[in-house]
Amino acid sequence: MKISDNATLWAKIGTISNVSFIGKDVLFFGSGCHLIFINLLTNEEHLYMANNYQDGDGISCYVGHRTQNVFAFADTRTFATVFIKSYPTFEEIHRVKDEHSKGYISLAFSDSSSCLVTLADLPNFSLTVWNWRIGEKIASQEGGILMRNQSLKCSFGVPVFFAQLGLDSKMLDIWDVYFCGKKCILTQHNTTIDGECDNFTSVLWTTEGGLFVLDSKGCVYTMLPDHRLEKVIECTQPGNHTTSFTWYKSGIAVSGPNKEIRHYKKSGSWSMDWAMIPPEPPQILISRYDHLVVITEKQNIIAVHVAQNEFKYIKKHESQFNDFCIVFPTGTHMMVLTRNHAINCYKIATGELISTLELTGRASKIVENPKFPYAAVGFESGMVKLISAYSPNKLTKLTQFFLAQHPVESICFNECGTVFVVANLTVGRFFIIEGIPGGEMQIISTFVTNRQIADQMIIVSQDCYRIFMIPVTSSIYVAGNVVLRYCIIKNKSIDIKQYSFEEKNLLWMRIVAVSGSSRDRLFYVIPQDGRTISEVEIKKGEIVAKITQKIVTGHQMTDFYLRLNKTYSLTWGFDGLVIVRGSDFATNIGICLPHHRVHAGVQKAQIEPLAKYIVTLGREGVLACTLLTETQDNSELSQLLETIHKSDDFKLMFSRRTIGFVPKGKYEGKCYLEVQELERIEKERIKCASQRTTLLREFRSIQTEVQTLLTANITGPENEQLSLSEFDMHVQLHTQKATEHKKQRKAMEEYLKQLMEAQNKVSEYMMVTFWDTMLVRATAIKGIFAKFQVLNYVLLPPNTNREVVMEWIRQQRKLEGHLNDMNSFHAWEPIPEQQLIQMLSQPPTLPAKDEHLQVLSALEFDAPELEEPEEDVETKIAFFGSDLARFIEIQDVHYDQNELQTYFQTDLHWIISKSDCYKIKEFFNEKFDKVMTQKVKEMSNIKQKNDRLRYIVSELNYFSEDKISMRIEDPEWKQIENPQLLIDVKDDEVPITPYVSPSEQALLDAKAAEAERIRLLLLADDFRERALMKMMNGVLEVRWEDELKKDVPLPKCMIEKEPENFNEDDLKAVREYEEKVQFLMSERERYKMLLKAEYAKLAHSVRDNIKKFNGKLSDLLYLRLQIDSAVSQESLKINRMKLFQYTRKEMIKKEQEILQKISQNEEIISSLQKLMHTIHDAVTECRNFVDSFQTKDKLLDRSYKKDFQDMSIVVQEQVSKLFRKRPKVNFRSVSSKTMLSELAKCILTNTKPSLGLNHECVEFLKQMESLDTYVGVPAVVDEHTYAVVCKHRRLRIEYEIRLKGAQTELAEAEATSAAFHKTLQQKKEFNVKLYNDVGELRQSLINLVCDDDMQIVLPRGLVEIPMTGSLADFSDAVLVCRKDVEEINRIILEFGDKKIKALQKGMNFHRKILALEWEHKRMRMLIQDLQEKLIDIDGVRLTKEIQFYLKTKDKEKTIPFETEVDMIKASYENTIQDRTDKVNKMKKQIKGIKDHNKQIEKKITDLNVDVCEFNIVRDKELDQKERECIDTRMKTLLKRSKMVQQIQDNHHEILMLQTELELLRLKTFPTLKYKEV
């Protein structure tokens, strides 16, 4: 039986990695051995199977043609073949094969030509161009991208370009395909991109000929004419989904990295015009004309309807298959586990999706029941769910079992379907569950093997459950060489037995039970490295499993699977074969090859009960159904199975509730093993509750008694005390615990010792390597009671060879100076060109001794020396570039900044600078050590003075009632000020008390006892101390302050007598006592004053000392900053020179690169010129062919005239009309010479058109056949004549088409010639540009060397240009000598002083003049005033009345005081009365105004109400229109009035003009006066 006899009925692609279009509406995709074609308009679906040599051995890559119903695919054999087939007939057009290519990874059609581009696999990744219409290889070349994950995309127009993209990389090559006659030219271009970008995921060509590339972040790049990529669309959307894009409706549709689809169009710049979010995250986007299709991450296919803003599923729930099973007993449906989260139910005969059930959790396995229509689904969480397919239209969950926390790896049903075993083979945990649907399913038993299991099976007989398994005994493979049998009998123990094989070296992977009564002693096993099935027999009482038979399977590879029932046996494996036999392996029923061996073949296969369909799941993710053509239909068995399925027992069974194991209540969320353990513990607790209470009671009584005995033992006499070990209640346990603790203690001790030893090693290494090697360690001086510090410089010991190196450098500098005396060149000094050429033409020479110069030197020796002005120190430091010379004496071997020109000089200068920097750091450390010494003294002095201050405070508090609370703190040393503290660990720094062993404690106790004994002996011999204490209070000298602390003793009388009993002696004693007390108090006051004065003096001294020291420390900090600045300046100078050298080196390197480019470009130009000669010859050949072909026209005309010259004129006219008739077909889309040649061949031979012709050519041939029929022909033309006309017409049309093909070929060759000529011209222009770049680069190098930078150290105040931090700030700066500036400033100041003095003198003179003028003017005004006053006095006259008034005024008497008071009082009362009247009047006015306001408020309220009612009633639009009308009318009236006014003004002006005209006329022609009669 052949494999091809059993055709695949349907297939579902689980994983879609690529998708393509055929023509306008057909979408196809595939994997393994299958290709699925879907017509998006009619939803018609076709399946292509490639599982043989004729149709293709597997499918590795495929592509469809854009304009024709043609597709191509490459098979997966070692030396692969590319098949070109038509759609939908799947007829083969051609097959092409390259003997040097072992496989293909990508294909691409060219729409505008007959090209098919193939990309080969390892090792060369060569690209080949084929003419697929004739199956001819045109050109081939090795690719430049060496990776397997690649993609090819061809452009749409002419000439042909195709892009080769390395997916998930940044490699993109563009290939040009040019045709010139029979010659094909392939040209490769590498793309470049400026800046950073992510890896590329896709590439596309637009209909306008543009190329776009997409990266993993969703950014889109376009290719410029110079093959550079430029970003045109920036994507800032977050996400991690796969990106894809396609050309859709004159724009770019992009998906990813988020979940939306965005469409961009170009209107000046690219902008997004719409965005849609599909129901599932997109993975692949593809479009063709109006179709936009999305392949989602769940491998569903969705059509996007942008106009309706909707998504339509084309394929759903037909991908990502994990496992499947057939639903018994009928076998007409199957359940498929997809995405580990859903179960789909399909009809086997058609592959139609019936229903879907979503699962919670991650499922890993699904196994069918062989008798009942349900399946068991295993989960990674340890859950098993039973899914019913009794009603396929609606899958339902029967029950579930939460067995363990381990994932379910194996589920096995027995032959009757009433018992199944759930196992985790990795740890060997098994569960046996028994029951049928509609009842309670119980967990019969569970056990664990504690070893990995390769495979297992179950045999059930009454109350005995036998589980056979193969344990893993190999350390490499999951296989074993023994068989274990676990026999479980209800309510009894488990019996375990092991069987070994006769052949010890063989490993077995799988075990399968046989059907029938012998199933408990016969079974089949599958070897690990064989292709046969072994039948094994075991006997009671024996431990050896004997192989009774070996069955040849027919598989071509090892590691296959076996499935067996009463009727059929089914095998499948990695070779992709599925073989069906009878249950006895004697008869062959069918064989098929649904999956390819390259993709690891078949993962699982099943056959339905009627043996008509085989369902397989391949490891490439394809689910396929194969029809066994030679199997006869068994209608009786089918009817019987359907009857069983529809029986009342099944109906009742699946209508009832099935009880599983679902813990609830306090056990909710627990698995079966956990529940069993908790229940066991609970049972034991209940069973032992009373016994536990009794034991606890006895324990408490014993505990109390033991405590009493221990207390008595501790408080009893020592000779009667017992050891604590005597009170141990469990001596054995105590001994055991003590032994364990001793071992743990010893282990911990060893660990700690090793840890300390390792830490000591590390510490010692760090000390030796880093600490001991330092000459000067890091130390800081902190300010006293201040928040700043100064660090010293950490220094390593000086290099012993430093002086040797420096001496070598001195000699090197001397030699260099000696050689440069005659051959020095300063690039910054301007030199005339002729002199420079002359200097360069002379070879380098050593300076020679010149006798004349020696004589002149001798003569000048006695001449008086001319004093040259010495250069200022500040100028030297400024031009030196650093401040090192301010602090140390720099070495004389330093280079000037303008002398550093080479790397060698820079390195020498770097060594010198490091030496100077080391010296300046030593200089600072000397200053630092002096300040540190001073701080030590200051700290000691401050501590002494603080002790004295604390003593003074205590003395003052002793002699004063008001106590002084004052805390005097001593300055403390910090750890950073004493580096030795870093390595010394004090006891107070360790937070844990050190452990003291008993032996060490005994030694310490002995030492303490001896010290105490010595102390007591010394106290016993203290005669001298006691005598001194008794006589002189313990001191040799009596101190005044100690005497002041003693109070005056009271007289005896004041102690023994009352004051009234005192006598004279007593009174005298009392007076003396009072005098002594008063004297003591005065002395104490004097002592306090002295203490206060001393306190103030000491406090002031401490503050001054701290201030002075902190001042010196701040000066040291300033010095540290200055030295840091100097070191940084020196480092900057060195780094600048290194940068200069690096820049020069890079420029030279860049020059070499450009020169290399020039060389390469010139080679390309040379090759292009040679190629142009070849192309010119090919074009000439094509042109000659066209010219020679055109001569055939005359031959055709002669032949035509010869056949019709004897006929009548009428017939010739009709024949001429018929001869000129042509099919009305447009050939614009036919631009291939191959297609035109095929068409001409078909026209001439009148044969069936080949499959390579497009629709226009086929239509043309049909119309030619219709023209050849004798229909509608004039009667004067008979059939014979018409046949001759048709023959000549076909010859003529064949000639015209071949001529058009030749002309097309010529046009193509000329276009190729023009393109390469343009390329050659561009390369020449590029060469000129490179030469210009070299010139500019060399000029830049000269400018870099000549226009040198210098580092100058200047104070900030001397830099008088705006600073921005860039060197460009100094581009136009001028360096002026400071002395010159100071001299100019001095001169300016002198002249300024003179000018100020002159101005002051002139101002004073001007002030005097102004003062005199003012005084003169004032005097003149005063004279004028006096004169006027005199005139007024002279003008006054004294009359009699005035004289009388003056006389009587003196005689009037003064008014009395009382009268004046009364008058004032009356005036005051009148004023009060007036004010009262005014107030009353104002109150009346206010009251009237308030009443008036109330009336107005009431009117306002009424008016507001009226206004609101009016606003409600009125029509605003009408008011607006009325207002507009009024405004319009007013504007019209205003306009009219203006126009009337204008008319009047115009009329008035006309009258005036007429009047003036008459007056002018009168001047010329006077009129005579007349009278009216």
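The values are calculated or read from the model by the stated rules, or taken from the named source; none is laboratory data. Computed from a predicted structure; not experimentally measured. Glycine gets a Cβ as well: all are built from the backbone with ideal geometry, and neighbour counts include every protein chain shown. Surface areas here come from the heavy atoms of the whole protein model, side chains and all, with no ligands, DNA or RNA. Shrake-Rupley method; radii C 1.70, N 1.55, O 1.52, S 1.80 Å.
Descriptive notes on the structure:
- Carbon-plus-sulfur accessible fraction, the stretch 871-956 (probe radius 1.4 Å, protein heavy atoms only): 54%.
- For residue 1104 and residue 968, the FRET efficiency from 1/(1 + (r/R0)^6), where r spans their Cβ atoms and R0 equals 22 Å, is about 0.85.
- Residue 835-residue 898 FRET efficiency (beta carbon distance; Förster radius 22 Å; 0.05 resolution): 0.65
- Rounded to the nearest whole Hz, the Karplus-based 3J(HN,Hα) values (6.51 cos²θ - 1.76 cosθ + 1.60, θ = phi - 60°) of the stretch 186-201 follow the sequence 9, 10, 9, 10, 8, 8, 10, 9, 8, x, 8, 8, 8, 5, 7, 10, with x at glycine and proline.
- The three principal axes of the Cα atoms in the stretch 59-187 give end-to-end lengths of 40, 34, 25 Å, sorted in falling order.
- Among the listed pairs 761/927; 1170/1329; 787/919; 385/604, those beyond 25 Å (Cα-Cα): 761/927; 787/919
- Lys/Arg +1, Asp/Glu -1 at C-beta; the chain dipole; positive extreme among 115, 1171, 1125: 115
- Here is the tail figure for the stretch 1033-1097: Cα pairs spaced more than 20 Å apart come to 48 percent of all pairs.
- Computed over the stretch 743-787, Kirkwood Rh from alpha-carbon pairs, angstrom: 13.8
- Test item: Cα-centred dipole of the stretch 1148-1197, Lys/Arg +1 and Asp/Glu -1 on Cβ, debye: 160
- Nearby aspartates and glutamates by direct alpha-carbon distance to residue 312 (threshold 19 angstrom, same-chain neighbours under 8 apart not counted): 25, 44, 45, 260, 280, 290, 297, 352
- Residue separation of residue 1537 and residue 1184 scaled by 0.36 nm, minus their Cα-Cα distance, works out to 117.9 nm of gained length.
- Taken over the alpha carbons of the chain as equal point scatterers, the Debye sum produces base-10 log I(q)/I(0) values at 0.08, 0.09 Å⁻¹ of -1.23, -1.33.
- Model label points for residue 683 and residue 802, set 7 angstrom from Cα along the Cα-to-Cβ axis, are 8.8 nm apart.
- Highest mean packing comes first when the peptides 711-721, 779-789, 1199-1209 are listed by Cβ atoms within 10 Å, giving 779-789, 1199-1209, 711-721.
- Rg/Rh (Cα only; Kirkwood hydrodynamic radius) as it applies to the stretch 1-109: 0.95
- Between 40, 446, 711, the Cα set farthest toward the positive side of the dipole of the chain (charges on each charged residue's Cβ, about the Cα centre) is that of 40.
- Simple point charges give the picture: +1 on the Cβ of Lys and Arg, -1 on the Cβ of Asp and Glu, and for the chain a dipole about the Cα centre of about 6100 debye.
- Alpha-carbon Debye profile of the stretch 198-275, log10 I(q)/I(0) at 0.10, 0.12, 0.24, 0.27 Å⁻¹: -0.20, -0.29, -1.20, -1.50
- For residue 651 and residue 757, the difference between the fully extended length at 0.36 nm per residue and the C-alpha to C-alpha distance is 30.2 nm.
- What the Cα atoms of the stretch 1262-1315 give is an Rg and a Dmax of 17.3, 56 Å.
- Per the Cα gyration tensor, the stretch 865-969 maps to an equivalent ellipsoid with semi-axes of 59, 17, 11 Å, ordered largest to smallest.
- Computed over the stretch 574-717, the P(r) tail beyond 28 angstrom holds 64 percent of alpha carbon pairs.
- Under 17 Å of direct C-alpha separation, and excluding same-chain neighbours fewer than eight residues apart, residue 550 reaches these lysines: 504.
- Compactness of the stretch 1312-1406 - radius of gyration and Dmax, Cα, Å: 29.6, 100
- Of 397/683; 24/1192; 217/1157; 1194/1217; 1395/1417; 782/945, those spanning more than 31 Å from alpha-carbon to alpha-carbon: 397/683; 24/1192; 217/1157; 1395/1417
- In the chain, the longest principal axis of the Cα atoms and the axis of helix 903-959 are about 50 degrees apart.
- Cα-projected label distance for residue 1270 with residue 993, points at 7 Å along beta-carbon direction, nm: 13.4
- Think of a 1.4 Å ball rolled over the protein heavy atoms: the chain then has 63 Å² of accessible area per residue.
- Between helix 1279-1346 and the chain there is an angle of about 20 degrees, using the helix long axis and the longest principal axis of the Cα atoms.
- Candidate aspartates and glutamates for bridging to residue 746, where Cα separation is under 20 Å - those fewer than 8 sequence places away on the same chain excluded: 757, 1000
- Hydrodynamic radius by Kirkwood, which averages 1/r over all alpha carbon pairs of the stretch 18-63, in angstrom: 11.0
- Set of the stretch 888-903 residues, backbone N closer than 13 Å to the point 7 Å along the Cα-Cβ line of residue 816: 892-903
- Annotation: extensible slack from residue 1372 through residue 1076 equals 97.2 nm (criterion: 0.36 nm per residue apart, minus Cα-Cα distance).
- The solvent-accessible area of residue 728, taken with every protein chain present and a 1.4 Å probe, is close to 50 Å².
- Treating r as the C-beta distance of residue 1195 and residue 1160 and R0 as 45 Å, the FRET efficiency rounds to 0.25.
- The listed residues 910, 175 rank as 910, 175 when sorted by accessible area, largest first, using a 1.4 Å probe.
- Nearest 10 degrees, 0 to 90: helix 1192-1204 Cα axis against the chain principal axis: 30
- Relative contact order computed over the stretch 37-165 (Cα-Cα under 8 Å; 6+ residues apart), in percent: 15
- Of the listed residues 177, 1284, 1436, the order by accessible area with a 1.4 Å probe, largest first, is 1436, 1284, 177.
- The average projected area of the stretch 405-547, computed from the convex hull of its Cα atoms over all directions, is 9.3 nm².
- Each of the peptides 1158-1170, 1515-1527 was scored by the mean count of other Cβ atoms within 10 Å over its residues; in descending order, highest first, they stand as 1158-1170, 1515-1527.
- Magnitude of the charge dipole, the stretch 671-734, Cβ model with Lys/Arg +1 and Asp/Glu -1, debye to 20: 400
- Look at the dipole of the chain built from charges on Cβ: of 676, 293, 389, the Cα furthest out on the positive end belongs to 389.
- Site pair residue 126 and residue 640 shows an inter-label distance of 6.2 nm when each label is modelled 7 Å from Cα along Cα→Cβ.
- Accessible area, probe 1.4 Å, largest first, for residues 688, 325: 688, 325
- Packing here is the average count of other Cβ atoms within 10 Å per residue, and on that basis the peptides 302-311, 339-348, highest first, run 339-348, 302-311.
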